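What follows is one structure encoded as structure tokens, with my remarks underneath.
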Amino acid sequence: MFAPLCASLALMNSSSPPDSTLGLIPKPSSLVRGEGAFILSADTSITAGQGERATAALLAGWLRPPSGLALPIMTDRKPGSIWLKIDPAMRGVGNEGYHLRTSEKGAEIIAKTEAGLFYGAQTLRQLFPKEAFSAAAAPRVRWEAPSVEIVDGPRFAWRGGHLDVARHFMPKADVLRYIDRLAMHKMNVFHWHLTDDQGWRIEIKKYPKLTSVGAWRKDTMLKYSPATYSGKPHGGFYSQADVKEIVAYAAARHVTIVPEIEMPGHAQAAIAAYPELGNVKEPLEVGTIWGVIENVFNTEDSTIKFLQDVLTEVMALFPAKFIHIGGDECPKVQWKASRSVQAKMKQLGLKDEHAMQSWFIRQMDTFLAQKGRRLIGWSEILEGGLAPGAALMVWLGDDGAMQAVSSGHDVVMAQTSHTYFDYYQSKDTAKEPHAIGGFLPLDKVYSYEPILPKMTDEQAKHVMGVQFQMWTEYIASANHAEYMTFPRACALSEVAWSAKQVRNWDDFMSRLPKHLDRLTANGVNFRRLDPGTD
Ligand code: ACM
């Protein structure tokens, strides 16, 4: 069935014509249009064996409600069906790649793995009318998917989207929707920022006060200057049962959740729950203001043990190879003033507080490595030397990325300049909801190149990928988070997925309107394009 593919592959090259009418996002590596269309009708079935059944069920789950069609899943292939096939020996695509062909005769997706098959199914969904993204019934007698032949696969292995649920708690249903929308854009890592000064959001059975105390704050800063507050309590957390459900939901959509437990800074909520983890005698409350806060974990053995106990429960919930331990913005004021921290530094022969931070991170790195996991942390874990095996999430400058890759450490590129989606989307800030600052327009996101020009080929291999950040200091609802995330995440998905040579801003903008219609059908509260005011 795939014999003619090679002939048509020969026609494909990096300058394949813009796909302005199909509006596929992220753009596939290669696409050839054919004559006619595949018709989805009352006669259509999905052909899947055991290995393809989960993808078939997801595809049917997307298409059945809006189309009103039965779309039975069958093992026997019928003419005109959607045929899903995993062939581990297939050539010409990588592990997450796929071949997709649609024609009057049927639709076929073939991939080496379930992930590849899933991405092919996502592309097929985009070939149907926009209603394929709606949950509401909008039956037409038949849906057309134009005839195409697509060979596709990702550029980067780590295609991430982050969500800070510590500054504002987002209910489980919102988190599940967020994961769906990452998967829709072929993104495969959900970085879940679960703890911070203003809230601890994951149940830890051994330390129940982390959530009974640490998940609740009495007030919330609405504006930094002049300081304005909500005057209302805020809180919430995910039970371990919630977390298991979310992890399983994500895994079914080929999204790995990387949990982040912040240390040694951004720790005030935990210290409010368990004061013995801190450096000062006075009791603390869960934070209500934003910024870099001096209340950080102390360096006692008992604190290291406490955090390792937390990580033990976290590892039991999250199968991800990587566990994020934060590591950013840890002021050293309290460590400088603390007799016991200073005594510990002396005992360990550490020259300064940066070396102390490095020692702290190493305790976690060794612990995680013993359990077969890997540590990842923000740029500052470079201070005092990167622990062996640790990976760096680069949010600060290029220098840190270069230092990491040149010493053989893996990195994820997540720089403020191009990936902080809490920044304003317009220079005309008065027209936008209040934001933390900055200005990150869509074209700047699209222009992001995660491989730095000065990296050698060997160093570039350590760039695992790229991710966007959704910090929520001033974002109190999932609806507002969607406004900040889309369409910038559409642009970033292309940075992460599409081959560098097929990425082109004008071409992206010609495809985007059609994709935004899909997001509308899907109920996404994306920011409308208004190029006149940007
Ligand atoms: C960060 O934005 N503090 C990682």
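The values are calculated or read from the model by the stated rules, or taken from the named source; none is laboratory data. Since we're looking at a predicted model, the values are computed, not measured. Every residue, glycine as well, gets a Cβ built from its backbone with ideal geometry; the counts of neighbours run over all protein chains shown. To get the accessible areas, we keep the full protein, side chains included, count just its heavy atoms, and leave off ligands, DNA and RNA. Shrake-Rupley method; radii C 1.70, N 1.55, O 1.52, S 1.80 Å.
Some points to look at:
- Yes/no for residue 465 being on the phi > 0 side of the Ramachandran plot and buried (at least 21 other Cβ atoms within 10 Å of the Cβ): yes
- When the strands (runs of 3 or more DSSP E) confined to the range 115-231 are screened for residues that are buried (at least 21 other Cβ atoms within 10 Å of the Cβ) and in contact with a helix residue (DSSP H, G or I) (Cβ under 9 Å, 6 or more places away or on another chain), those reaching at least 2 such residues are found at 143-152, 158-164, 189-193.
- Residue list for the range 295-343, filter: hydroxyl-bearing (Ser, Thr, Tyr) and surrounded by 13 or more Cβ atoms within 10 Å (Cβ to Cβ): 299, 303, 312, 338
- Residue pairs meeting the criteria (Cβ under 8 Å; at least 6 apart or on separate chains; first in a loop (DSSP other than H, G, I, E, B), in the range 392-407; second among the charged types (D, E, K, R)): 395/328; 396/380
- Only a single item in (1) open to solvent by 10 Å² or more (accessible area, probe 1.4 Å); (2) among the hydrophobic types (A, V, I, L, M, F, W, C); (3) assigned to a helix (DSSP H, G or I) is not met by residue 60, and it is number (1).
- Of everything listed in (1) within 16 Å of the ligand (Cβ to nearest atom); (2) open to solvent by less than 70 Å² (accessible area, probe 1.4 Å), the single unmet condition for residue 292 is (2).
- Of all residues in the range 390-408, those being crowded, with 20+ Cβ neighbours inside 10 Å and either within 14 Å of residue 455 (Cα to Cα) or acidic (Asp, Glu) (or both) number 4.
- Subset of the range 459-501 [away from the ligand (no atom under 16 Å from the Cβ) and of a type in the set (D, E, K, R)]: 461, 482, 488, 494, 500
- Annotation note: of 286, 258, the sole residue that is touching a strand residue (DSSP E or B) at 6+ places or on another chain (Cβ under 7 Å) and open to solvent by 10 Å² or more (accessible area, probe 1.4 Å) is 286.
- Residue satisfying condition, being more than 16 Å from the ligand (Cβ to nearest atom), closer than 29 Å to residue 367 by Cβ and out of contact with any Gly (no Cβ under 6 Å at 6 or more places or on another chain), within set 433, 450, 441, 388: 388
- Any hit, the range 264-276, residues being open to solvent by 30 Å² or more (accessible area, probe 1.4 Å), at pLDDT 95 or above and within 21 Å of residue 169 (Cα to Cα): no
- Among the residues of the range 420-440, none is identified as open to solvent by 20 Å² or more (accessible area, probe 1.4 Å), within 19 Å of the chain's Cα centre (by Cα) and not hydroxyl-bearing (Ser, Thr, Tyr).
- Answer residue from the range 395-430, given it is hydrophobic (A, V, I, L, M, F, W, C) and away from the ligand (no atom under 16 Å from the Cβ) and is nearest to residue 485 (Cα to Cα) among those: 430
- Whichever residue in the range 346-384 is among the basic types (Lys, Arg) and in a helix (DSSP H, G or I) and, among such residues, is modelled with the highest pLDDT: 346
- Residue satisfying condition, being at pLDDT below 95, within 26 Å of residue 490 (Cβ to Cβ) and of a type in the set (A, V, I, L, M), within set 1, 12: 12
- Of everything listed in (1) within 15 Å of residue 51 (Cβ to Cβ); (2) among the aliphatic types (A, V, I, L, M); (3) not in a loop (DSSP other than H, G, I, E, B), the single unmet condition for residue 90 is (3).
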